[in-house]
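Participant: Quick one: the structure is below, and I'll ask about it shortly.
The values are calculated or read from the model by the stated rules, or taken from the named source; none is laboratory data. Here the structure is a predicted model, which means the values were calculated and not measured. Cβ atoms come from the backbone with ideal geometry, glycine included; neighbour counts cover every protein chain shown. Areas reflect the complete protein model, heavy atoms only, side chains present, ligands, DNA and RNA absent. Shrake-Rupley method; radii C 1.70, N 1.55, O 1.52, S 1.80 Å.
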Amino acid sequence: MKTTVRQSCFETNSSSMHSISVGSGILNDTIHLDADGNITLIGGEFGWGYETYNDAFTKANYLAVDVGRDPEDSRLERLKKIIKEFTGANEVIVNISYEYSSNNSSYIDHQSVGTGANIFNESDDEIRQFLFNRSSELVIDNDNH
């Protein structure tokens, strides 16, 4: 994954700061299958509070929310394929709504949309390391810290 280090520059942020770090080593997490052998991604609300996630299920949901607006997006199919291959799932079902009034309303703060999508520029192995290595993290933060 590309790393950018900027020195001697002032930066400010008006809202969220989401970041992804990819660890190396053993793939030591999984996503549990339901009784039918499937995994259902349910999205989530990834705003600007302070949270650190290292579990595969939350990281997979974050990526699905970020690239899932367009059901024809090949990145969503790639994500499902990687999850199926690693977990042995029969199917990966994406049950995400972008409607605010929905019970499973999902979003990524407007300042951080695309953060998860960037990992799809990397190899399947890198995506697998992000998802299934507990030392890989998704950090949700904001300018209040």
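Participant: With the other protein chains left in place, how much accessible area per residue, in square angstrom, belongs to the chain at a 1.4 angstrom probe?
Facilitator: 57 Å²
Participant: Let me have the 222 nm mean residue ellipticity of the chain computed from DSSP H runs of 4+ only, each contributing -39500 (n - 2.57), with the sum over all residues rounded to the nearest 500.
Facilitator: It comes out at -7500 deg cm²/dmol, rounded to the nearest 500.
Participant: Name the aspartates and glutamates eligible as straight-distance cross-link partners of Lys81: C-alpha to C-alpha under 18 Å, and not fewer than 8 places from it in the same chain.
Facilitator: Partners within reach: Asp29, Asp34, Asp36, Asp66, Asp70, Glu72, Asp73, Glu91, Glu122, Asp124, Asp125, Glu126.
Participant: Right, here's the next one. Leaving out ligands, DNA and RNA, what percent of the accessible area of the chain is carbon and sulfur, probe 1.4 Å?
Facilitator: 45 percent
Participant: If the only charges are +1 at each Lys and Arg Cβ and -1 at each Asp and Glu Cβ, what is the size of the charge dipole of the chain around the Cα centre, to the nearest 20 debye?
Facilitator: Once rounded to the nearest 20, the dipole reads 280 debye.
Participant: What does the charge count around Ser106 come to, taking other residues whose C-beta lies under 11 Å from its C-beta (Lys +1, Arg +1, Asp -1, Glu -1)?
Facilitator: -2
Participant: What is the projected area of the convex hull of the Cα atoms of the chain, averaged over all directions, in nm²?
Facilitator: Quarter of the Cα hull surface area: 9.6 nm².
Participant: Using mean Cβ contacts within 10 Å as the protection proxy, how do 61-73, 42-54 order, highest first?
Facilitator: 61-73, 42-54
Participant: I'd like the GluC sites (Glu not before Pro) in segment 87-125 restricted to DSSP loop residues with at most 13 other Cβ atoms within 10 Å, sorted by number.
Facilitator: Listed in order of number, the matching sites are Glu99.
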